[in-house]
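Notes follow once the structure below has been shown.
The values are calculated or read from the model by the stated rules, or taken from the named source; none is laboratory data. Just so you know, these numbers come straight off a predicted model, no measurement behind them. For neighbour counting, all protein chains shown are included, and Cβ atoms are generated from backbone atoms with ideal geometry for every residue, glycine included.
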């Protein structure tokens, strides 16, 4: 493992790009990989070069198609399992016009119900997490047990037709995986294991259950949810909107892997982009990585270009003493950003010490708006107390900063959304570095129009 | 004006990039033989190749100034390779940094002992020839409070004092010693290039403080250094020249 062979997981010719140097990144190879997370380069799918129609970003008709064929059909991320450890703990979360309750049962299992009183349609709970012995509607006190059954229907005798069918809220599919809870609005959804494949092997080694909430923010963005998914599905924008990250990561030597419906890219972190001249002093953000690993940057005698590998070796050597068990991860995972997209709307930056993930939800009625959830979790070293859960905050785009990098990501999205509607803009002109965008839209097409059934002229 | 550098032999420590490279380039262009050194093997190789186009003798070797024995050997090698030494410009630096005591050791070893050890190596040769010129490179960060309390500023300040003392002590040997303090200098791969990319607002605030609305370029400092190093500056010794585009506020009485 000390001398991993360099292999070539990057499909484009980096020497012809707008770069100052050609960098041969030291990488873990399939042969040297020690993690269950595979590093194999997946063959690139043949997805053509067509424009991706802009109309799908603002059309209400397309939004309706998405609702019918995607949001009500697939598995969706509901929240963190450790937010609901005890019977009666619940997560109330919204997707589009729907709201669901995910409830911990007395036997430890989970149930999921629509968050709606069967009497007059009132919401049973506001969005958020909480604990309840029962769910009593605030309107006429219809009362539901943790299992969704109607325990009390005041003056039942005045309903000659009796109570609603089965005297219970409908049950929706729900499951727990890798510290998160997942639900579906589709009673006939495929098994979760089939849906999430092949990502169980990829993501379980990160042990998210050892990580605690660090940030929980929801921002209302003025763009279609897919504009946000696209924004995080390529590294091409780093040189455009995140110039500072060029002294933090290698946005050129990126491996892209597309699977059946999910995809990922692997970005070397603690590295200098080949787009900028190699500095002789340690950049501030890489200095930060070294300190976080327990290294003293002032004591570092190597070259800036050696830091990524040296951080890996240092973490491998000292992680255990720091209460950090990296045994399930390969060396690259100790520094790099393995970035996953779980179809349709979850983006995860998974790292050895933290996970920064985004859930990108459509607005209930307006294709020009969305909800952007930022969830950050940090590894709690063994022996350290589990921190108190951070409070959820919610605001509108631009009201508050969500950090320099995410502010930069957010900055263009409203104008992207506006520009999409121009009659001079037929659609997205996508390059190889943006293959994941093309793949995401292909999966979307297959859900909406049927596999391979999208016709010319379709949105 | 003839700088009188034709055929002179110059050692530039930290001569592979930035101000140091610009100094080495002007020296070579003016007809001097040049020996350079720097940390990076590749960067020294590239610099030697580039400097050789001026047709003088250009040699170089990588060296970590902090490794005293290696460094002494490097200096001896350079003097031997050049068959003497007329000009010494030692300007390698450990750079800034706060939050670790180690930065003090780094700055002391590189920014102070780098020049000190080089001077000790060349003084006997220059004394014997009754001729020599040394230019030390400090910083405007030594003159005014900049960048927070850190080793870099304090250690660089010591060179200004040391340079004057050297000039007084070695005038009788025909050796001149001067100090140049550059303000912020920008070049590709340099700190300000990185700051421009990583801390855009801070960079812009620096620009606003600059009377000429920009940062300096390596060759603008290098020309001043080479002038002081040259025969053209034969009556300059013990001087301290601030080359900062009027950036510092203090009045230099």
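Is there a residue in segment A:306-326 that is within 10 Å of chain B (Cβ to nearest Cβ) and farther than 27 Å from residue A:208 by Cβ?
no
Can you tell me which residue among A:311, A:304 is free of Cβ contacts under 8 Å to residues at least 60 places away in the same chain, under 13 Å from residue A:293 (Cα atoms) and touching a helix residue (DSSP H, G or I) at 6+ places or on another chain (Cβ under 9 Å)?
Only one candidate passes the filter, namely A:311.
On the basis of being touching a helix residue (DSSP H, G or I) at 6+ places or on another chain (Cβ under 6 Å) and either at positive phi or surrounded by 20 or more Cβ atoms within 10 Å (Cβ to Cβ) (or both), does residue A:36 make the cut?
no
Of the residues A:57, A:90, which is within 28 Å of residue A:350 (Cβ to Cβ), touching a residue at least 40 places away in the same chain (Cβ under 8 Å) and within 21 Å of the chain's Cα centre (by Cα)?
Exactly one of A:57, A:90 is within 28 Å of residue A:350 (Cβ to Cβ), touching a residue at least 40 places away in the same chain (Cβ under 8 Å) and within 21 Å of the chain's Cα centre (by Cα), namely A:57.
Find the residue count for segment B:180-223, including only residues that are assigned to a helix (DSSP H, G or I), within 10 Å of chain A (Cβ to nearest Cβ) and in contact (Cβ under 8 Å) with a residue 40 or more places away in the chain.
1
Conditions first: (1) facing another protein chain (nearest Cβ under 9 Å); (2) at pLDDT below 95. Residue A:302 passes all but one, so which condition is the exception?
So the condition that residue A:302 fails would be (1).
Determine whether segment A:78-87 contains at least one residue that is in a strand (DSSP E or B) and within 19 Å of residue A:171 (Cβ to Cβ).
Checking segment A:78-87: at least one residue is in a strand (DSSP E or B) and within 19 Å of residue A:171 (Cβ to Cβ).
Of the residues A:272, A:289, which single one is within 14 Å of chain B (Cβ to nearest Cβ) and either in a loop (DSSP other than H, G, I, E, B) or within 30 Å of residue A:58 (Cα to Cα) (or both)?
One residue alone meets the criteria, A:272.
Exactly one condition in (1) more than 23 Å from residue B:100 (Cβ to Cβ); (2) part of a loop (DSSP other than H, G, I, E, B) is false for residue A:302; which is it?
Exception for residue A:302: condition (1).
Out of all the residues in segment A:410-432, which are part of a helix (DSSP H, G or I) and surrounded by fewer than 20 Cβ atoms within 10 Å (Cβ to Cβ)?
The answer is A:411, A:414, A:415, A:416, A:418, A:419, A:432.
Could you list, in sequence order, all residues of segment B:15-43 that are part of a helix (DSSP H, G or I), within 14 Å of the chain's Cα centre (by Cα), on the phi < 0 side of the Ramachandran plot and within 14 Å of chain A (Cβ to nearest Cβ)?
B:19, B:20, B:21
Residues are listed down the side, and each one gets a yes or a no for (1) farther than 30 Å from residue A:21 by Cα; (2) away from every other protein chain (no Cβ under 14 Å):
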| residue | (1), (2) |
| --- | --- |
| A:210 | yes, yes |
| A:228 | yes, yes |
| A:231 | no, yes |
| A:235 | no, yes |
| A:243 | no, no |
| A:252 | no, yes |
